[in-house]
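Take a look at the structure below.
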Amino acid sequence: MSRTRLDLNQKSTIKRINPLGYRVVVKICKDNNLSEGGLYLPEGAKQGMSESLLAEVLEVASATDEDTDEEANVSGVPLGALVLIEKTVGVKIPWDDELRIVDTDDVLAIVSEVSLS
């Protein structure tokens, strides 16, 4: 569900997406244009080679508990998590090419960084 809020002082709209069911809204993370060997690649060349994309979860499906009126994440994917998705899944958001609505079944993994020191 999309909510639009109008700020009367600035006369601009802000769009907020609330995914329904077992879905999340993700933002595709930009990849640098370096190969593993340190060579610069043309725009899109590295993306064409990869089968998956790294994305950040911006919104999750939620439901309101009738007893406590608290919202609970029903998607099973943590808000703010870095996830791995196939590059062809999800529905692109019309006003931002970096945003997608993705079924939680299409989330391949949650990615975390671990320090080796």
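For the reader, a short list of remarks on this structure follows.
Residue-wise test of (1) at pLDDT below 90; (2) under 13 Å from ARG100 (Cα atoms).
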| residue | (1), (2) |
| --- | --- |
| ILE28 | no, yes |
| ASN33 | yes, no |
| GLU43 | yes, no |
| GLY48 | yes, no |
| ALA55 | no, yes |
| THR68 | yes, no |
| ASN73 | yes, no |
| VAL77 | no, no |
| THR88 | no, yes |
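- Subset tally (residues that are farther than 12 Å from VAL25 by Cα and either aromatic (Phe, Trp, Tyr) or over 12 Å from the mean Cα position of the chain (by Cα) (or both)) for segment 63-85: 13
- Complete set of residues in segment 60-117 that are free of Cβ contacts under 8 Å to residues at least 40 places away in the same chain, more than 21 Å from ARG16 (Cα to Cα) and in a strand (DSSP E or B): LEU84, GLU86, ALA109, ILE110
The values are calculated or read from the model by the stated rules, or taken from the named source; none is laboratory data. A quick note: this is a predicted structure, and the numbers were derived from the prediction, not measured. Cβ sites come from the backbone with ideal geometry, for glycine too, and all protein chains shown count toward neighbours.
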